[in-house]
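**Q** My structure is below; once you've seen it, I'll send some questions.
The values are calculated or read from the model by the stated rules, or taken from the named source; none is laboratory data. What you see is a predicted model, and the numbers here were worked out from it, not measured in a lab. A quick note on method: Cβ atoms are made from the backbone with ideal geometry, for glycine too, and the neighbour counts reach across all protein chains shown. The accessibility values were calculated without ligands, DNA or RNA, using every heavy atom of the protein model including side chains. Shrake-Rupley method; radii C 1.70, N 1.55, O 1.52, S 1.80 Å.
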Amino acid sequence: MSDEHGKKSPFSGLEDLFSLISGQPGPSRSPEGLSLTELIRTAEFEEAVVDDETQQRIRELQEIAESIEQKVAQKAFKPGDRKFRIPYRKVLNPQQLSAVLITDAPLLVIAGAGSGKTRVITYKVSYLIENGYQPEEILLLTFTRKASQEMLQRVDQLLGGDYSGNVLGGTFHSFANHILRKYANMVGLPNNFTIIDTQDAADIVDLIKSEMTLPKKKEGKAFPRKDRIYTIISKSRNIGISITEVIERYFDGLMDFADELEAIGSAFAKYKSLANLFDYDDLMEVLRDKLKENTRFREAIQAKIKYLLVDEFQDTNDVQNEIVTLITGNRSCVTVVGDDTQSIYSFRGANFENILRFPQRYPACKVVKIEHNYRSSEGILDLTNNIVDTSVLGFKKRLKSNRESGQVPLVRKFGDAQLEAGFIVDKILELRENNLTFSDFAVLSRASWHSNYVQAELTKRAIPYVVVGGIKFIERRHVKDVLAFLRLGLNQLDAISWHRILRLINGVGQVRSRELIAEIMKNQGRVDFSAFSGKKFYSGLKQLEVVINKLVDGHQTPATSVNLVLEYYGPILKMVEDDYQNRLKDLEVIAQIAGKYESLEKFLSEFALEPPSNKFQEKTTPMIDQSEDGAVTVSTIHSAKGLEWHTVFIPFALDGLFPSARSLGTIDQVEEERRLFYVACSRPKENLYITMPSYVSQWDSFFTKPSRFLSGLRKGVYEVED
């Protein structure tokens, strides 16, 4: 919006933003007279600046990717003469078979989307056991406990026995927790350390902030929030650079606070050490460092683990990659499986180059490409293959399918976001008539707010849907409270848990809490509040003292420990929460889960490392329809990796939104956005719809051009509907 003199109004961005939020259509900003096809083909985009160092690195990675073809197994390996329970040659395609049977060299398996990656790992574990490896000599590292459990259960089914219980399987973090506790004496660690999640870590940062003299603002900028600070600290550790360098690269608006954030980072590390706390990054770093520095420990682990398999290797960070190398040593006992084209988690520290450089680190390695796709129609594969062709970095692959060509993906533009949402919901209802259920459909967006109009339209038409995201079960306040009690049963030096529960007592605020914790630390963790006997809140302290000391005595099972806490905490919850009855149901879930464990330490570790499913949380969106029709999935693309649906919609496909304007500064960020686009487009089995409104305004920016990822594709891989 401009005034009569042509000067831009300071309210112009807000006006359009309010229009977007309210759902009222704004003026079309598309160039007059141009069709969508012309817009896609003629749009010009500003390219990311590439410096000399980056150009050299890109050339090196391209050479590695090109040379990989020489290492690709050209023949299908065959099982030896031994008698096997599983007919490997009959149940696996030639590429899968080669990936399973190669055990005499380090192996990189490049598994395209929908190509049966999980099947390969399952059969490889089975093949190793059939070839004489003891289950307890095999380590399978995944990124979710559910993935490893499903694979190992399948191994039991294939071999007709109970093998999976002895295979070392789980996430990197759960493996680190298990090994560091088991070998605590050897590596000089206390074995009763407490694992804290990201929210606990952010609370510690907040506590440190409150104890330091810090400016509230600098140059008009507010001091960053605790979550942002912890993200910066964690990113620094995951990618191996200083906090200041992280700020320079990713959070340049916070450079004024670099010195203060460095100080908080140092204090944070010291605090955890004194309180015997490990966050997720500590588990990885400590395991890596102990394997590096302690020869006896490293040799013990190498003697224990005779074969190592890693799933989703493209998602490993530098520390995890080092752990794999240290466990493997100079042996050939490693298989890593992944798809470089689906590396989309750099914001978590994942390093795309780990999978690209694997052949460089293991010169004797062999490579198998699995390129037969069992998910999508040829029409969708034509588009996703073309996305791979346009990428700057990565291994070239061409997925194939025996299925009919199917519908060519459709690209369509609408006058505004409401019309776009209406089309998506209309299409869902239309396709549902072909014997489909609502659960066959997904709306996948680059950012969660891109789906707001679709959610509103689904609600208006009473169509059940579930949004992936929201407040996680483990992040709910009352759940965190109960876990804090239990953690103190193991580690009485856990100051952050003390801060949480002491302030539940009437009369105890932040200052009193610090005094009480100081007394506990002075007593080396012994819980005795008699020094405060003259205070008004002493009776409340005395009740708490009894509960904590019962938890500490070690005679409680995890289930009885939870019940003991609930007897104390239930009345408090009733006094402070109107909906306490609903919250008590959450706490009953904790009691049920705890009942499955014999050890409180194991219960708390697994609860922190692999929190319960979000199915326990109350939905702020319409509840999932429990009928056979299910519910439409509305998700960010990051949360949809590894999943599949019959039909997928990708809304808001405008340049600056997808790819995000924040990711256009470097070639690495642009390429990760391209991989994110690939992940989204490779989720459907039959139908893919890429849609966009004519414009979207976000603060002072207007986005009108179709995504650059569309303009780079060849004609014919998608159909444009003007």
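**Q** Quick query: amide H of LEU168 versus all other amide H atoms, modeled in the peptide plane; which residues come in under 5 Å with a sequence gap of 5 or more or a different chain?
**A** Under 5 Å from the amide H of LEU168 lie the amide H atoms of ILE138, LEU140, each far enough along the sequence or on another chain.
**Q** Okay, next question. Return, ordered by residue number, the residues of segment 173-188 whose backbone nitrogen is under 19 Å from a label point located 7 Å along Cα→Cβ of ARG296.
**A** Of the residues in segment 173-188, 179-188 have backbone N under 19 Å from the label point off ARG296.
**Q** Along the Cα→Cβ direction, 7 angstrom out, place labels at LYS460 and LEU431. What is the inter-label distance in nm?
**A** Rounded to a tenth, the inter-label distance reads 2.1 nm.
**Q** A follow-up question, please. For GLU136 and LYS306 in the same chain, what is the full-extension length gain: residue separation times 0.36 nm, less their Cα-Cα distance, in nm?
**A** Numbers: separation 170, 0.36 × 170 = 61.20 nm, distance 0.89 nm.
The span from GLU136 to LYS306 would gain 60.3 nm if fully extended.
**Q** For segment 196-245, what is the charge dipole size about the Cα centre, in debye to the nearest 20, if Lys and Arg each add +1 at the Cβ and Asp and Glu each add -1 at the Cβ?
**A** Numbers: 10 positive and 8 negative charges, 68 e Å.
The calculated dipole for segment 196-245 is roughly 320 debye.
**Q** Continuing with this model, one more query. Find which of VAL479, PHE441, LEU393 sits farthest along the positive direction of the dipole of the chain, computed with +1 on the beta-carbon of Lys and Arg, -1 on that of Asp and Glu, about the Cα centre.
**A** Going by the charge dipole, the pick is VAL479.
**Q** Quick check for you: which residues of segment 670-711 have the amide N under 14 Å from the point 7 Å beyond the Cα of SER660 toward its beta carbon?
**A** Counting only backbone N, you get 670-677.
**Q** Same structure again: LEU34 versus GLN153, label points 7 Å from Cα toward the beta carbon: distance in nm?
**A** Once both label points are built, they end up 5.2 nm from each other.
**Q** Further, regarding this structure: Please report the spacing between the Cα centers of segment 528-542 and segment 336-353 in Å, no decimals.
**A** Centre-to-centre (Cα) distance: 53 Å.
**Q** Using the Cβ atoms and a cut-off under 12 Å, what net charge is assigned to the surroundings of ALA269, where Lys and Arg are +1 and Asp and Glu are -1?
**A** -2
**Q** Evaluate E = 1/(1 + (r/R0)^6) for TYR374 and LYS596, where r is the Cβ-Cβ distance and R0 equals 30 Å; express this FRET efficiency to the nearest 0.05. Show your work: numbers first, answer last.
**A** Details: r = 35 Å, r/R0 = 1.15.
The pair TYR374/LYS596 has a calculated efficiency of 0.30.
**Q** How much net charge surrounds ASP339 when only the other residues with a Cβ under 9 Å from the Cβ of ASP339 are counted, with Lys and Arg +1 and Asp and Glu -1? Mind showing how you got there, number by number?
**A** On the way: positive: LYS117, LYS397; negative: GLU312, ASP340.
Summing Lys/Arg as +1 and Asp/Glu as -1 gives 0.
**Q** Of PRO106, ILE196, LEU657, which is farthest on the positive side of the dipole of the chain, counting Cα position, with +1 on Lys and Arg Cβ, -1 on Asp and Glu Cβ, and the Cα centre as origin?
**A** Toward the positive end, the furthest listed residue is PRO106.
**Q** Here's another thing I want to ask about it. Apply the Karplus parameterisation 6.51 cos²θ - 1.76 cosθ + 1.60, with θ equal to phi minus 60°, to every residue of segment 589-604 and state each ³J(HN,Hα) to the nearest whole Hz, in sequence, with x for glycine and proline.
**A** Coupling constants for segment 589-604: 4, 4, 4, 5, 5, 4, x, 8, 10, 9, 10, 5, 4, 5, 4, 5 Hz.
**Q** Here's another thing I want to ask about it. Output the antiparallel fraction of DSSP beta bridges having both residues in the chain, as a percent to the nearest 5.
**A** On the way: 8 of 56 bridges.
In the chain, DSSP labels about 15 percent of beta bridges as antiparallel.
**Q** Moving on. Suppose a student asked you for the relative contact order of the chain, using Cα pairs under 8 Å spaced at least 6 residues apart; what percent would you report?
**A** Numbers: 1122 pairs, mean separation 151.2, N = 722.
Relative contact order of the chain: 21 percent.
**Q** Along the principal axes of its C-alpha atoms, what lengths does the chain span, in descending order and rounded to whole Å?
**A** Principal axes ranked by extent give 85, 82, 57 Å for the Cα atoms.
**Q** Taking H placed 1.01 Å from N in the peptide plane, check which residues at least 5 places from LYS685 or on another chain put their amide H under 5 Å from its amide H.
**A** So LYS685 has HN proximity to TRP645, HIS646, THR647.
**Q** Could you check the simple spin-label distance between GLU46 and ARG503, using points 7 Å along Cα→Cβ, in nm with one decimal?
**A** 4.3
**Q** So for the chain, taking the charge dipole from beta-carbon charges (+1 Lys/Arg, -1 Asp/Glu), which of THR647, ALA462, ILE548 sits furthest toward the positive end?
**A** Checked the options; the winner is ILE548.
**Q** I'd like the Karplus ³J(HN,Hα) series for segment 542-558: coefficients 6.51, -1.76, 1.60, θ = phi - 60°, whole numbers in Hz, and an x wherever there's a Gly or Pro.
**A** For segment 542-558, the Karplus curve yields 5, 4, 5, 4, 4, 4, 5, 5, 5, 5, 6, 5, x, 8, 8, 7, x Hz.
**Q** Here is a follow-up. Hey, can you grab everything whose amide H is under 5 Å from the amide H of VAL411? Only 5+ residues off in sequence or another chain; H modelled, so Pro and N-termini drop out.
**A** Amide H to amide H, under 5 Å and 5 or more residues apart or across chains, VAL411 pairs with ILE690, GLU719, VAL720, GLU721.
**Q** A further question follows. Could you rank the peptides 250-263, 114-127, 702-715, 336-349 by their average count of other C-beta atoms within 10 Å per residue, with the highest value first?
**A** Values: 250-263: 16.3, 114-127: 23.2, 702-715: 19.1, 336-349: 21.7.
Going from most to least packed, we get 114-127, 336-349, 702-715, 250-263.
**Q** Relative contact order of segment 487-610: what whole-number percent is it, with Cα pairs under 8 angstrom and at least 6 residues apart?
**A** Once divided by the residue count of segment 487-610, the mean separation gives 24 percent.
**Q** Also, quick follow-up: Would you mind getting the accessible area per residue of the chain, heavy atoms of the protein chains only, 1.4 Å probe, in Å²? Please report the intermediate quantities before stating the final value.
**A** Details: 32690 Å² over 722 residues.
Accessible area per residue: 45 Å².
**Q** Fully extended, how many nm does the chain gain between GLN55 and ASN192 (0.36 nm per residue separation, minus their Cα-Cα distance)? Spell out each step's value before the answer.
**A** Working: separation 137, 0.36 × 137 = 49.32 nm, distance 4.80 nm.
So the chain would gain 44.5 nm between GLN55 and ASN192.
**Q** Still on this structure, I have one more. Within segment 40-67, which residues have the backbone N less than 13 Å from the label spot 7 Å out from LYS715 along Cα→beta-carbon, could you tell me?
**A** 41-42
**Q** If you don't mind, there's one more thing I want to ask. Given a Förster radius of 41 Å and the C-beta distance between ASP553 and HIS178 as r, what FRET efficiency does 1/(1 + (r/R0)^6) yield to the nearest 0.05?
**A** On the way: r = 25 Å, r/R0 = 0.62.
The formula returns an efficiency of 0.95 here.
**Q** Just list whichever of LYS117/LYS290; LYS304/LYS396; LYS270/LYS522 have alpha carbons separated by over 28 Å in the model shown. Walk me through the intermediate numbers first.
**A** Numbers: LYS117/LYS290 32 Å; LYS304/LYS396 36 Å; LYS270/LYS522 17 Å.
Going by Cα-Cα distance, LYS117/LYS290; LYS304/LYS396 fall outside the 28 Å limit.
**Q** Carbon-plus-sulfur fraction of the accessible area of the chain, 1.4 Å probe, in percent? Kindly include the intermediate steps, with their values, before the conclusion.
**A** Details: 15720 of 32690 Å².
Carbon-and-sulfur percentage of accessible area, whole number: 48.
**Q** Enter the Cα centre distance for the pair segment 267-334 and segment 662-722, rounded to the nearest angstrom.
**A** Centre-to-centre distance over Cα atoms comes out at 38 Å.
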